[in-house]
1. Considering each of Val38, Val57, Val22, Val15 in turn, give the residue that is surrounded by 10 or more Cβ atoms within 10 Å (Cβ to Cβ), β-branched (Val, Ile, Thr) and modelled with pLDDT under 85.
2. Scanning the range 84-106 for residues that are in contact (Cβ under 8 Å) with a residue 24 or more places away in the chain and in a helix (DSSP H, G or I), which turns out farthest from the chain's Cα centre (by Cα)?
3. Scan the range 73-120 residue by residue and report those that are aromatic (Phe, Trp, Tyr) and farther than 19 Å from Phe63 by Cβ.
4. Give me the pairs, please: first residue somewhere in the range 107-129 and under 14 Å from Leu82 (Cα atoms), second residue anywhere and surrounded by fewer than 12 Cβ atoms within 10 Å (Cβ to Cβ), beta-carbon distance under 8 Å, and either six or more positions apart or on two chains.
5. Which pairs do you get when a residue that is free of Cβ contacts under 8 Å to residues at least 40 places away in the same chain and outside any loop (DSSP other than H, G, I, E, B), found in the range 55-71, comes within reach of a residue that is charged (D, E, K, R) and surrounded by fewer than 12 Cβ atoms within 10 Å (Cβ to Cβ), reach meaning Cβ atoms under 9 angstrom, with the pair 6+ apart or on two chains?
Amino acid sequence: MDLRKYKFYKGMNIVKNKLSSVGKHLEIWGRLDYEKYVLVMFNANRWRSCRKEPKTVEWIETFSPSDISYDIGACVGSYSLLMSKYCKEVFAFEPASFNFNILSKNILENLNRKLTLNNIHQFNVAISDSTCLP
């Protein structure tokens, strides 16, 4: 296996490295860059989501425990996981199957590690204001 194609982020908290003997792939888990709670993410491109969009994080922190939130275009779930710490329920919608699979993986891993509650409901569908195809 050629590991040169994988980027390793210096200083990141690598939570889990796992080599699969069947798929011969490397899984890298990292910590989301949020200081108040520990949340892990599979996709290295989104580990720094909180620093990239601090206003979004500030807005999420204003949610109350009785709120229900909708993450439309959830991507891999950075903000869905964060919302789950502040809201009663989170509904995450992601139409792209590749992102949806990573979203599901991120939710499951955080549940298994007891980092989030079982309050995120993910859907592999697109949301629109129209009921017809273009």
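The values are calculated or read from the model by the stated rules, or taken from the named source; none is laboratory data. Small disclaimer: the values here were computed from a predicted structure and weren't measured. Reconstructed Cβ throughout: ideal geometry from the backbone, glycine too, with neighbour counts over all protein chains shown.
1. Val15
2. Here the residue is Ser97.
3. Listed by number, the residues that qualify are Phe98, Phe100.
4. Short answer, once both residue conditions are applied: Leu111/Asn118.
5. Between residues of the range 55-71 that are free of Cβ contacts under 8 Å to residues at least 40 places away in the same chain and outside any loop (DSSP other than H, G, I, E, B) and residues that are charged (D, E, K, R) and surrounded by fewer than 12 Cβ atoms within 10 Å (Cβ to Cβ), the close pairs are Val57/Arg51.
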